[in-house]
Every structure is written in structure tokens, then in C-alpha cells.
Amino acid sequence: MLGLLVLVLLAKAPPQVYFEQTTTTSVAGEAPGPGVRSRVWYAAQRMRMEAGGAGEGVALILRLDQGLAYRIDPARKEAVRLDLAALRTRVREDSAAAGMLMGGDASFRVSALPGTRRIAGFDCQGYRLRAGSTTMDVQVAPGAPARVDAFAEFLSWSGVGDAAPGLVEAIRALPGFPLETRSRVAVLDEVRETVSTITVVRVGPVEPARYDPPPGYRILDDGER
């Protein structure tokens, strides 16, 4: 969910964005694993989310402009057509659950962190956001080629803005592009920490073919084999 939140909060910029990110999670202080790597291409109502850091991985394509979604499986050379309405319902349920854990519409207190960090080639200033049992440290880059609202279409579709309006508003008010979020949420006296770091970000034209099933792939409806 936090990885998804990072995607959503990228911002007011030219509408075509590509980025790579790594997300790690630890519970009760245990050492995190190597993390989950992903790549994202975004252009208003079109989005492609692909697992892995290189090559072709399993991907999810959202075509909100066409009311379609596909799961792309390079190993099988298949594109599975998904029920977009059912997918939206699941995403919104996940957003609502995460929003409750992260304070929902609570007002977040914001304070600057000392020092600066360099992430993905940009100098970043850190800020700490607090509400209830949730703490989130956000590293933002004032010089990055993006601001907060380029993902408005997806934010509305996914329900993240409705589920955690206080958090979304707090991040939108920060002076730059969020390149890393580190959240700590206490649930039943157990602290879960999730770190999402963007390692590459580019703003510019995205090849249209990224948002369609590759030529020659077999197109199936979900459940067919």
C-alpha cells in the first residue's frame, strides 16, 4: 500500500512519468529482506506497473481511458483481461484498510529533519509527519521535475485520497517531489516499518506500446486457460 501511495503522490508535472522503486518492510525491528523492486510507467489514465528491476517481468496494465486492465505474463506470452470494476473494488478496500492504520483523515503534524540526503541524483530535505500511532519520514527533492498531482486520475480511481485525506494533504504541502517514504505504524504493540525509495525518475514521453498487450500475445479473460 505504501508503495502505491508513493506512486500516487508523484505530482504536478508533464503527464508522462517513468520511475523505479524499491520497497522493504520489517516487523518488530527484524532486518528487512532485499526488498521488492518495481518499475512504473504513467500517462494520465494509462499506467503500467512491472515487477523486477530489469528485463520483462509480470506486469499490470491499467487503461482507465478504455475501461480495461490486463495482467501481462511474458513467460506464457499471455495477456489476461481483468475485471476492472472488481479490481477497483479490491484496491479501494486495501486503501481503506491502510488509511485506517495510517490515521485516515487525522491532521498530521509536520517538522523538518536535520541535514540533507541525495537520492536518485537529487538533493532532498526530510520531513517527519505524525498522527496518532503513525510516523512517516518523507524525503522530498525541490529540484526534481515533478510535483504533487500528476497522479490525480489514479488517486481518484484507487480511493487513496478518500481513505487518507489528512496524509495526502500533508504530503502535498511539502516543497518538492517525494523520493523516499519511511513509515512506522504501531498495531497491537507491534511496529511495522515500510521504506519505499525511488531510485530512478524520468519525466517525458512514454512509448504508447507500454500500455497495450505486446503483439503476438494470447489474450484471455480472467479464469481462462
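The values are calculated or read from the model by the stated rules, or taken from the named source; none is laboratory data. Values in this document were obtained by computation on a predicted structure and should not be read as measured data. FYI the Cβ positions are ideal-geometry reconstructions off the backbone, even for glycines, and counts take in every protein chain you see. Surface areas here come from the heavy atoms of the whole protein model, side chains and all, with no ligands, DNA or RNA. Shrake-Rupley method; radii C 1.70, N 1.55, O 1.52, S 1.80 Å.
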Among the residues in segment 175-184, are any modelled with pLDDT of 85 or more and of a type in the set (Phe, Trp, Tyr)? no
Among the residues of segment 186-196, the number that are at pLDDT 80 or above and in contact with a Leu (Cβ under 7 Å, 6 or more places away or on another chain) is 2
Criterion violated by residue 146 - all others in (1) open to solvent by less than 60 Å² (accessible area, probe 1.4 Å); (2) at pLDDT 85 or above; (3) assigned to a loop (DSSP other than H, G, I, E, B) satisfied: (2)
Hey, can you tell me all the residues within segment 1-30 that are open to solvent by 40 Å² or more (accessible area, probe 1.4 Å) and at pLDDT 65 or above? 16, 25, 28, 29, 30
